[in-house]
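Throughout, read-outs are computed from the coordinates displayed, never taken from laboratory work. Quick caveat, the model's predicted, so the values are computed rather than measured. Neighbour counts run over all protein chains shown; Cβ positions are idealised from the backbone, glycine included.
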Amino acid sequence: MFILTGAGSMVASCFGACAMTAVCTGLGEIMKRSARLAYCLLFVLSMLLAWVLRDFAQPIMEKIPWIVRHDFPEDSDAWYGKQAVFRVSLGNFLFFSCLSMALVGVKYKSDRRGTFLQHGGWMIKIVLWLAFNALPFFLPNQVINSYAWIARPGAGLFLIVQMLILLDFSHTLNDSLVGAEEERYLYLLLAATVGCFLGSLGLSALMFIWFHPSGAGSCSLNVFLITSSLLLVAGYSVLSVTSAAKNGSLFTSSMIGAYCTYLTYSALASEPHDYPCNGIGERITAASGSTLVLSMLGTLAAVVWSALRAGSNTALFSTAGAPEETGEPLLETNGADEERGEKAMDEFEPVAYSYSFFHLIFALASMYIGMLMTGWGVGAEEKDLIDVGWASVWVKVAAQWFTALLYVWTLVAPALLPDRAFD
């Protein structure tokens with residue numbers, strides 16, 4: 001028996017060493033192409049770890065003496081799973097927050113912090129990442145519960161950043177297509193606008209079928225959410241073509257409308273699957289394991305994409321741009337002086353994006369994942385699924401309304417505050 005136990009430990013150690021080698025090798029190859037992709041891989045691994053521990057953490061965490069479950073009304077399996085998710089979320093929040101603070105003020109590629117901390121030192125960073133993921137499992141419950149309360153507004157801030165990125169992207173794309181000299185881009189703009197509006201109407205019609213099934217009662221809440229979504233889309237679409245909206249456009253309204261309609265669908269789909277008005281819930285409950293896996297992977301991929309795009313789009317949140325280039329030199333220079341000047345200019349070449357802001361977004365995304373997998377801290381209402389429960393429903397409804405109000409403000413703000421610039 002002792003021999004078998006020792007052999008099992010040796011095999012486990014070998015597997016751990018192989019996994020560590022594979023991660024280091026993979027990150028090394030990815031890092032050569034893009035440091036951002038390497039950080040995304042670390043984030044994805046953490047999300048998958050949190051996902052697995054959420055459903056299978058109880059046998060492990062019951063053996064940790066300082067993680068004590070008190071007499072909560074919550075199911076023990078769900079309680080341990082929620083604690084595991086929060087601890088992985090906290091570990092990644094600390095990892096990315098430390099990198100964000102360490103890289104504050106890096107503006108030029110010559111800064112050694114950018115060379116080593118952002119693009120190099122991967123062996124050290126992987127060890128630190130593993131340490132940060134393990135550290136929260138040595139902390140008492142009180143610390144984790146406090147982090148859960150802090151993570152709620154942090155996750156909400158991540159959603160707000162997502163909305164700002166969407167608004168900026170839609171305005172930028174609209175200006176690019178309108179400013180294009182070729183007529184085909186205008187036809188593309190028209191087709192995209194019509195497509196987004198038709199997609200919103202079509203999805204709304206399907207929602208009336210899926211989330212207001214016959215025999216389920218009035219389903220007044222679902223009817224109200226779908227109807228209010230349609231009215232919001234119609235309202236700010238009409239507003240965008242009036243004289244009150246100087247920067248309005250139907251294309252931007254159609255994109256925001258499609259996003260708000262999707263949020264409504266996502267909110268209704270997050271209703272508990274035993275809720276009579278959730279017609280999709282019964283089908284998903286009976287779905288195969290592969291369908292559930294694909295659904296969860298799609299949700300996690302959307303979070304990674306949002307974090308990567310938001311972290312790389314620093315122009316929207318920065319107040320100062322890159323240093324302006326100077327004109328022609330006042331005095332002529334010889335070859336040696338010119339070469340020294342080029343080296344000096346290379347030292348002051350600005351970085352492509354804010355390293356500190358990039359890691360800050362991933363820190364907020366770590367909080368968001370913690371909320372997403374635990375039903376925003378009130379306990380997951382469906383085992384083996386994520387983002388299901390009434391807390392998730394109302395968070396998405398609030399996000400939809402906030403997005404609509406934010407877009408309406410961008411339309412009317414130039415008219416209400418004519419003395420301020422809204423470029």
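So for Ile226, Ile126, Ile67, fewest C-beta neighbours within 10 Å to most, what's the order?
The most exposed by this proxy come first: Ile126, Ile67, Ile226.
Taking the beta-carbon count within 10 Å as an exposure proxy, list Phe197, Phe116 from fewest neighbours to most.
Going from least to most buried by this count: Phe116, Phe197.
Rg and Dmax of segment 153-254 over Cα atoms: what are they, in angstrom?
17.0, 55
At a Förster distance of 45 Å, what's the computed FRET efficiency of Tyr353 paired with Val223, Cβ-Cβ distance as r, to 0.05?
So the FRET efficiency works out to roughly 0.55.
How many nm separate the modelled label positions at Asp168 and Ala134, each set 7 Å beyond the Cα in the direction of the Cβ?
Here the answer is 3.8 nm between the modelled labels.
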